[in-house]
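The values are calculated or read from the model by the stated rules, or taken from the named source; none is laboratory data. Keep in mind the model is a prediction, meaning the values are calculated, not measured. Please note: Cβ atoms are built from the backbone with ideal geometry, for glycine as well, and neighbour counts cover all protein chains shown.
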Amino acid sequence: MACAASLFAAVPLAAPVVIFKLTSDFKEDPSPHKVNLGVGAYRTDEGKPWVLPVVRKVEKCLANNESLNHEYVPILGIPEFTQSACEIILGADSPAISGHRKGGVQCLGGTGALRLGAEFLRAWYNGTNNSATPVYVSAPTWGNHNGVFGTAGFTDIRSYRYWDPAKRGLHLQGLLDDMENAPEYSIMILHACAHNPTGTDPTPEEWKKIAEVMKKKSLFPFFDSAYQGFASGDLDKDAWAVRYFVSQGFELFCAQSFSKNFGLYNERVGNLCIVAKDTDNVNRIRSQMEKIARTVWSNPPAQGARIVAATLNDSALFAEWASNVKTMADRVLLMRALLREKLEKLGTPGTWDHITQQIGMFSFTGLNPSQVEYMVKKKHIYLLGNGRINMCGLTTSNLDYVAESIKEAATGSQCQ
Ligand code: LMR
């Protein structure tokens, strides 16, 4: 009997996920000089992953806590986790908390929170059948935003201007004009702080202008907060934009990731913080989200959320965590200063003040695709094709090599 063709014969091979492909290429590269400035994960000055000391401590307590078990947790998550997660982004004195009009849903990382929010909005936002509602992401944005909203069923994903390559900074006027021209009730994806990939955030005054246009056009703010604490080292400062929008009376969603600020990358700890007009709205929204979560992951995992909840709900542990976050943020600030200094000392063509002006995990170097190719292929320094580098991949040992390589890339013929 002849073999029947596979039922999957027509499945095309998908392109690899660029950022994780970079990591595997880096791992396979035998060069002793190799440097990974790709995926956004914190590294110590020895180039090693860092388990936050506060996380180690809490993990040991949890392991010794005989009262814990592995029963299912509620579909919407561990209440101590979702409540404290909402509190750190909204601020303990938030009018949304005192007004009982906030609620959280535990999700699989920040991506899960974005996806749950997207699925909910597609089904229920401002009426029904919203797949045609325009969703705007910044140009450029984190590579996964388009995919998350597209896979959730949104068919009209657009971008608003954000980055001005000439000035290597925020294109405020372009952003405001694009929001002004967006159809009313469009959904706007906003980076709460430490914009990925540009490392460029609006100032408070600029955020106020953005909020003003968004209010006038009834645009819905969906914040992505993946780096609270990483931008400035100060958890409150990095939540400023979200808190300002709440103070202006917006209903909003905020997808929170604890991958970076707790170093819990593989535990998938996320929260979708909902702020609505009143308690009744929050309850109905969460009830629908429970239905969505049930059909996607059914119940969230407990370990990472327990670590975060235990830390956020104990003042001594909280203080220790804030100091651990500051350690990471300060190392990034130091690397920024040293890289800029070295590039300038080497006489690298171009200006490099943007390296210290940008904040958070990433720097948008301004290297063009052929310069990036030179860095990867010839120098074994792995970075994204758009020139983004993870500042945490720099160490005092590899900094000179990276700076010299950037200089070569910027002066060589490959950069024309
Ligand atoms: C990044 O942008 O490098 C991180 O957020 C990792 C990821 O999932 O893309």
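How many of the residues in the stretch 243-260 are within 15 Å of the chain's Cα centre (by Cα) and either more than 16 Å from the ligand (Cβ to nearest atom) or at pLDDT below 95 (or both)?
Restricting attention to the stretch 243-260, the residues satisfying the condition of being within 15 Å of the chain's Cα centre (by Cα) are 253-260.
Retained after the next criterion (residues that are either more than 16 Å from the ligand (Cβ to nearest atom) or at pLDDT below 95 (or both)): 253-254.
So the answer is 2.
Can you pull out the residues in the stretch 230-242 that are within 15 Å of the ligand (Cβ to nearest atom) and not aromatic (F, W, Y)? Full working, then the answer.
Here is the first cut: in the stretch 230-242, the residues within 15 Å of the ligand (Cβ to nearest atom) are 230-231.
Listed by number, the list holds a single entry, A231.
Looking at G385, is it assigned to a loop (DSSP other than H, G, I, E, B), at pLDDT below 95 and either hydroxyl-bearing (S, T, Y) or more than 16 Å from the ligand (Cβ to nearest atom) (or both)? Steps first, answer last, please.
Details: assigned to a loop (DSSP other than H, G, I, E, B): yes; at pLDDT below 95: yes; either hydroxyl-bearing (S, T, Y) or more than 16 Å from the ligand (Cβ to nearest atom) (or both): no.
No: the conditions fail for G385.
Counting just the residues of the stretch 2-47 that are part of a loop (DSSP other than H, G, I, E, B), hydrophobic (A, V, I, L, M, F, W, C) and surrounded by 10 or more Cβ atoms within 10 Å (Cβ to Cβ), which one comes out farthest from the ligand (Cβ to nearest atom)? Show your work before the answer.
Applying the first criterion (part of a loop (DSSP other than H, G, I, E, B)) to the stretch 2-47 yields 2-17, 29-34, 37-47.
If we keep only those that are hydrophobic (A, V, I, L, M, F, W, C) as well, we get 2-5, 7-11, 13-15, 17, 37, 39, 41.
Filter again for surrounded by 10 or more Cβ atoms within 10 Å (Cβ to Cβ), leaving 17, 37, 39, 41.
On the way: V17: 8, L37: 10, V39: 5, A41: 7 Å.
Result: L37.
Output the residues belonging to the stretch 226-279 that are touching a Phe, Trp or Tyr at 6+ places or on another chain (Cβ under 7 Å) and in a loop (DSSP other than H, G, I, E, B).
S259, K260, N261, G263, L264 - these are the residues of the stretch 226-279 that are touching a Phe, Trp or Tyr at 6+ places or on another chain (Cβ under 7 Å) and in a loop (DSSP other than H, G, I, E, B).
Which pairs do you get when a residue that is hydroxyl-bearing (S, T, Y), found in the stretch 107-122, comes within reach of a residue that is within 16 Å of the ligand (Cβ to nearest atom), reach meaning Cβ atoms under 7 angstrom, with the pair 6+ apart or on two chains?
Note: pairs meeting the criteria are T111/N144; T111/V148.
Based on what the data block shows, is A192 aliphatic (A, V, I, L, M), modelled with pLDDT of 95 or more and surrounded by 20 or more Cβ atoms within 10 Å (Cβ to Cβ)? Write out each step before concluding.
Working: aliphatic (A, V, I, L, M): yes; modelled with pLDDT of 95 or more: yes; surrounded by 20 or more Cβ atoms within 10 Å (Cβ to Cβ): yes.
Spelling it out, A192 is indeed aliphatic (A, V, I, L, M), modelled with pLDDT of 95 or more and surrounded by 20 or more Cβ atoms within 10 Å (Cβ to Cβ).
Testing V372 on (1) more than 16 Å from the ligand (Cβ to nearest atom); (2) closer than 23 Å to G169 by Cβ; (3) β-branched (V, I, T); (4) at pLDDT 95 or above, one condition comes back false. Which one is that?
(1)
What is the residue count in the stretch 76-114 for residues that are more than 17 Å from the chain's Cα centre (by Cα), within 11 Å of N271 (Cα to Cα) and buried (at least 24 other Cβ atoms within 10 Å of the Cβ)?
Of the residues in that region, 5 qualify.
Suppose we filter the stretch 101-120 for residues that are outside any loop (DSSP other than H, G, I, E, B), closer than 21 Å to T279 by Cβ and not hydrophobic (A, V, I, L, M, F, W, C); how many remain?
Here the count works out to 5.
Right, V51: β-branched (V, I, T) and out of contact with any Leu (no Cβ under 7 Å at 6 or more places or on another chain) or not?
Spelling it out, V51 is indeed β-branched (V, I, T) and out of contact with any Leu (no Cβ under 7 Å at 6 or more places or on another chain).
What do you reckon, is A96 touching a Leu at 6+ places or on another chain (Cβ under 7 Å), among the small types (G, A, S) and within 16 Å of the ligand (Cβ to nearest atom)? Before you say what the answer is, go through the steps one by one.
Details: touching a Leu at 6+ places or on another chain (Cβ under 7 Å): yes; among the small types (G, A, S): yes; within 16 Å of the ligand (Cβ to nearest atom): no.
So A96 fails the test.
So if I check each of A63, A85, A92, which one is in contact (Cβ under 8 Å) with a residue 12 or more places away in the chain and either within 30 Å of V275 (Cβ to Cβ) or part of a helix (DSSP H, G or I) (or both)? Explain how you work it out, then say what you get.
Details: A63 fails: in contact (Cβ under 8 Å) with a residue 12 or more places away in the chain; A92 fails: in contact (Cβ under 8 Å) with a residue 12 or more places away in the chain.
Selected residue: A85, the only one of A63, A85, A92 that is in contact (Cβ under 8 Å) with a residue 12 or more places away in the chain and either within 30 Å of V275 (Cβ to Cβ) or part of a helix (DSSP H, G or I) (or both).
Out of N266, N299, which single residue is closer than 28 Å to M391 by Cβ and more than 13 Å from the chain's Cα centre (by Cα)? Spell out the reasoning first.
Numbers: N299 fails: closer than 28 Å to M391 by Cβ.
After applying the criteria, what remains is N266.
Kindly list, by first and then second residue, each pair from a residue in the stretch 35-53 that is on the phi > 0 side of the Ramachandran plot to a residue that is within 16 Å of the ligand (Cβ to nearest atom), limited to pairs with Cβ atoms under 8 Å and residues at least 6 apart or on different chains.
G47/G393
Kindly evaluate L333 against the criterion of being touching a Pro at 6+ places or on another chain (Cβ under 8 Å) and either surrounded by fewer than 23 Cβ atoms within 10 Å (Cβ to Cβ) or touching a residue at least 12 places away in the same chain (Cβ under 8 Å) (or both).
No: the conditions fail for L333.
So, in the stretch 172-197, exactly how many residues are within 26 Å of A152 (Cα to Cα), in a helix (DSSP H, G or I) and either within 16 Å of the ligand (Cβ to nearest atom) or over 22 Å from the mean Cα position of the chain (by Cα) (or both)? Give the derivation first.
Step one: of the stretch 172-197, the residues within 26 Å of A152 (Cα to Cα) are 175, 178-197.
Remaining after also requiring in a helix (DSSP H, G or I): 175, 178-180.
Restricting the remaining residues to those that are either within 16 Å of the ligand (Cβ to nearest atom) or over 22 Å from the mean Cα position of the chain (by Cα) (or both) gives 178, 180.
So the answer is 2.
Which one is farthest from the ligand (Cβ to nearest atom) among residues in the stretch 315-369 that are aromatic (F, W, Y) and within 17 Å of I381 (Cβ to Cβ)? Spell out how you get there, then give the answer.
Of the stretch 315-369, the ones aromatic (F, W, Y) are 318, 321, 352, 362, 364.
Restricting the remaining residues to those that are within 17 Å of I381 (Cβ to Cβ) gives 352, 362, 364.
Details: W352: 22, F362: 7, F364: 12 Å.
So, considering only residues that are aromatic (F, W, Y) and within 17 Å of I381 (Cβ to Cβ), the one farthest from the ligand (Cβ to nearest atom) is W352.
Could you list, in sequence order, the residues of the stretch 121-171 that are hydroxyl-bearing (S, T, Y), in a loop (DSSP other than H, G, I, E, B) and more than 16 Å from the ligand (Cβ to nearest atom)?
Going residue by residue through the stretch 121-171, those that are hydroxyl-bearing (S, T, Y) are 125, 128, 131, 133, 136, 138, 141, 151, 155, 159-160, 162.
Those left that are additionally in a loop (DSSP other than H, G, I, E, B): 125, 128, 131, 133, 141, 155, 162.
Those that are hydroxyl-bearing (S, T, Y), in a loop (DSSP other than H, G, I, E, B) and more than 16 Å from the ligand (Cβ to nearest atom): Y125, T128, S131, T133, T155.
Note down all Cβ pairs under 7 Å where the first residue falls in the stretch 286-314 and is under 16 Å from N69 (Cα atoms) and surrounded by fewer than 20 Cβ atoms within 10 Å (Cβ to Cβ), the second is aromatic (F, W, Y) and at pLDDT 95 or above, and they're at least six residues apart or on different chains.
N299/Y72
Would you pick out the residues in the stretch 128-181 that are closer than 21 Å to M214 by Cβ, out of contact with any helix residue (DSSP H, G or I) (no Cβ under 6 Å at 6 or more places or on another chain) and basic (K, R)?
Listed by number, the list holds a single entry, R158.
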